Amino acid sequence: MPLSRRTSLDIPAIVSPMTLFDLPDADTLYAALLARDPSYEGRAWVGVSSTGVFCRFTCPARKPKQENCLWFDNLGACLEAGFRPCKRCQPLKAATDAEPVIEELLAALNERPDHRWCEADVTAMGYDRGTVRRAFKRHFGMSFLELARLERLRRGFEVLSEGGTVLEAGLEAGFSSPSAFRARVGALLGMAPSTLSLDPLLSIDWIDTPLGPMIAVADTHRLHLLEFMDRKALPTELKKLAAGAKGRLGFGRTQVHDQTAQELTEYFDGKRARFTVPLAYHGSGFYGQVWDALCAIPAGETRSYGTLAREIGRPSATRAVAQANGANQIGILIPCHRVIGADGALTGYGGGLWRKQRLLEIEAGYARAAKAESALQP
């Protein structure tokens, strides 16, 4: 089943004392989930890709399949990845218990989901704005107003993904007009709405994945960009594409978007280790050489920058290879996540190190399957 086109805002994750890399491996976490191990309370959460919700390990609901589980060490990362809190185990309850103001404001948000919240509303309810901001930032990595805007935009994007018009999406999201909704979307993309073409040469659309929503830009023949919505470089990359298309960058969906969504679905389902989507490179010939080398790395294997430089016949170009890796704007399909440090440590990744680790875990499954298949052959 193709991935939907739901999206979320760019919300920073909470910095917790325990990082994702302090958590055990996925098998250990899944065993703890099945056992409803209370020792993980407040330390780890599970996001379920098949339902779109995240839960405590002690959740009484029926446990998901392991392949549908994503592991998080803080609430902010769960929300950033596009998951909604489970209604049964209420993973936000610890935060609301610790800070009564959070519970009261979340209840007010649920009672008035279409209201356009502002700081004056918070003050009118008798709360100190600074106290509210610090409380929400402490537990969720976002302010209450950011959370309220996220919920409004999420409803609007769901309408768009179901084929609704901009007017319908704007009204559902609680905006006063379609232009206000477009303006907010434009702000997310880092571009003024007036710069978006109604007759685009390059079309922007959203593709949701188990690791969070991605922005995809394509023409009718090739994919030009595929980035996670929260990548900081995304606005700059979109502006460069718009300049290259002489302003003809706008919303739309092509067959390339459909193919990309379908192949990503198969990739996350464990059914596709290589992609066939036609790609458009935006970089020098050297950068293209590096990106081709990245695509040649089998799923389940990794390379260091130095090794990659030697493989393309440029052993002294380690730094340049690293720059080309960082300049890649087609995530997952050009697998820059397969490059790690010479010491085996995970290095920087524009989509976030937690995503890089999860992608490598997924691809380790492909490697195990290939090894098992090879062992069966005469």
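Candidates 212, 190: the one that is closer than 25 Å to residue 47 by Cβ and modelled with pLDDT of 70 or more is 212. Any residue at all in segment 301-310 that is closer than 30 Å to residue 255 by Cβ, over 25 Å from the mean Cα position of the chain (by Cα) and not hydrophobic (A, V, I, L, M, F, W, C)? Checked against the condition, which is being closer than 30 Å to residue 255 by Cβ, over 25 Å from the mean Cα position of the chain (by Cα) and not hydrophobic (A, V, I, L, M, F, W, C), segment 301-310 yields no hits at all. Just one of the listed residues (272, 253, 231, 222) is touching a Lys or Arg at 6+ places or on another chain (Cβ under 9 Å) and among the charged types (D, E, K, R), namely 253. The single condition among (1) surrounded by fewer than 17 Cβ atoms within 10 Å (Cβ to Cβ); (2) under 24 Å from residue 65 (Cβ atoms); (3) assigned by TED's automatic domain parsing to the domain that holds residue 222 that residue 372 does not satisfy is (3). Where helices (runs of 4 or more DSSP H) sit wholly within segment 36-123, those with at least 3 residues that are within 24 Å of the chain's Cα centre (by Cα) occupy 75-80. Applying the set (1) at pLDDT below 90; (2) crowded, with 18+ Cβ neighbours inside 10 Å to residue 232 leaves exactly one unmet item: (2).
The values are calculated or read from the model by the stated rules, or taken from the named source; none is laboratory data. Computed from a prediction, not measured in an experiment: that's the story for all the values here. Cβ atoms come from the backbone with ideal geometry, glycine included; neighbour counts cover every protein chain shown.
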